[in-house]
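Structure first, then comments.
The values are calculated or read from the model by the stated rules, or taken from the named source; none is laboratory data. In this text, all values refer to a predicted model and were calculated from it rather than measured experimentally. Ideal geometry is used to build each Cβ from the backbone, glycine not excepted, and the neighbour counts take in all protein chains shown. When the accessible area is computed, the model is the full protein with side chains, heavy atoms only, and any ligands, DNA or RNA have been set aside. Shrake-Rupley method; radii C 1.70, N 1.55, O 1.52, S 1.80 Å.
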Amino acid sequence: MLLTGAFLVDLCIEESGLGTRIGLMAIQRFGNKPVTLILGFMTIAWALSMFCSNTSVCMMLMPFVLSIIELLIALLQFCLILASLNLSKAAGR
């Protein structure tokens, strides 16, 4: 029953888009450095583990972590596109 409830919470978080919103909030609060993001999620997991089981906390945090990974990949792709545009401008001179 515990895992089923955690799965349902996880599905609701993903369907509502809450994972992306909390992921953006975590990046804003803790910065975009990998060390501070990991520290931030460790803090969140610690706080949630006081009230829930470890398994359900891991399942609840998974959408947040996945949305942050997706956001960082999109940011990296955007930076690569900007860099390629700057290189093509410099080559055209």
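Label-to-label distance for L39 and L66 is 2.8 nm, based on points extended 7 Å past Cα in the beta-carbon direction. Under the criterion of Cα pairs below 8 Å and six or more residues apart, the relative contact order for the chain equals 39 percent.
Taking the 1.4 Å solvent-accessible surface of the stretch 45-93 as the whole, the part contributed by carbon and sulfur is 75%.
Could you compute the net charge surrounding M62? Neighbours are other residues with a C-beta less than 11 Å from the C-beta of M62; K and R count +1, D and E count -1. That works out to -2. Other residues within the sphere of radius under 14 Å centred on the Cβ of L8, judged by their own Cβ, net out at -3 (K and R +1, D and E -1).
Overall, the ratio between the Cα radius of gyration of the chain and 2.2 N^0.38 Å, rounded to two decimals, is 1.42.
With R₀ fixed at 25 Å, the C-beta to C-beta distance from T55 to R29 puts the FRET efficiency at about 0.45. For the pair I81 and W46, the difference between a 0.36 nm per residue extended length and the Cα-Cα distance amounts to 8.8 nm.
Among the DSSP helices (H) of the chain, those spanning at least 27 angstrom by Cα along their long axis with an average Kyte-Doolittle hydropathy of 0.0 or more are 54-92; this is a geometric and hydropathy rule only. Averaged per residue, the chain has 75 square angstrom of accessible surface, using a 1.4 angstrom probe with ligands and nucleic acids left out.
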